[in-house]
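Asker: Just passing along the structure, written as structure tokens.
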Amino acid sequence: MNMLKLFYLSLVLIFIQFPAQAANKYSLEPGDIVLTNCHDIYTKGVIKSKVDDGYTVHFPKDSRPIQCPPFRWHAEFVTPFQSVNEYRLQFLGGLKRELLFKVGEKVTMRFEPDRRVVNSKAVVDIDTEITDISSNGAIAVKLLSTQPDAIATFWQWVGTNYIDLRHKALAQERSKRTQ
């Protein structure tokens, strides 16, 4: 019985320490280029100042669409930006085959459109090309599709932002690459 109590106590201590360590994962300073995470769609910006529990981030005027309030960001939603030429997406700690994404490759995104924008389709496939990859696995893309529904949905959800390779809109692309 004492071993069971000791086990539960150690689990509680681990869960108490984990969020504190996660919040202090990055030591970012004003002027650092960062990505801010809003539902696995990242906006690139520059840290203006540190605040109590995070950062004030400035975004360029061409950053769009900004889905979340763009001023103060909790530290857990801000990651440092570093551009890479390729990214290896791993699953289950490397037990499954990793997927390789490179700058210049074409990827297809599938979104459920907002009915106020596109009322004629259940899903919209958007053809894009990777223009930049962040070291955390987020990609910036250039729109290749020419259908009006795809264009409207792309600019509503992604635009000039980065999208995480684990985002549900890229599920079809990931499954296509695993075959």
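Just so you know, all these numbers are worked out from the coordinates, no wet-lab data involved. Fair warning: this is a prediction, and the values are worked out from it, not measured in the lab. Here the Cβ is made from the backbone with ideal geometry for all residues, glycine too, and neighbour counts use every protein chain on show.
Asker: For the range 68-92, what are the residues that are surrounded by fewer than 16 Cβ atoms within 10 Å (Cβ to Cβ) and in contact with a Ser or Thr (Cβ under 8 Å, 6 or more places away or on another chain)?
Answerer: CYS68, PHE71, ARG72, GLN82, SER83, VAL84
Asker: Considering only residues that are of a type outside the set (S, T, N, Q), under 24 Å from ARG115 (Cα atoms) and within 10 Å of the chain's Cα centre (by Cα), look in the range 128-163 and name the one that is surrounded by the most Cβ atoms within 10 Å (Cβ to Cβ).
Answerer: TYR162
Asker: Still on this structure, I have one more. Tell me which strands (runs of 3 or more DSSP E) are completely within the range 63-179 and hold 1 or more residues being closer than 27 Å to ASP53 by Cβ, or say none if there are none.
Answerer: By residue number, 72-74, 78-80, 124-134, 138-143, 162-164.
Asker: In the range 38-53, what residues are under 24 Å from THR160 (Cα atoms) and touching a strand residue (DSSP E or B) at 6+ places or on another chain (Cβ under 7 Å)?
Answerer: ASP40, ILE41, TYR42, THR43, LYS44, GLY45, VAL46, ILE47, LYS48, SER49
Asker: Consider the range 40-65. How many of its residues are closer than 22 Å to LYS168 by Cα, in contact with a Ser or Thr (Cβ under 8 Å, 6 or more places away or on another chain) and surrounded by fewer than 16 Cβ atoms within 10 Å (Cβ to Cβ)?
Answerer: 1
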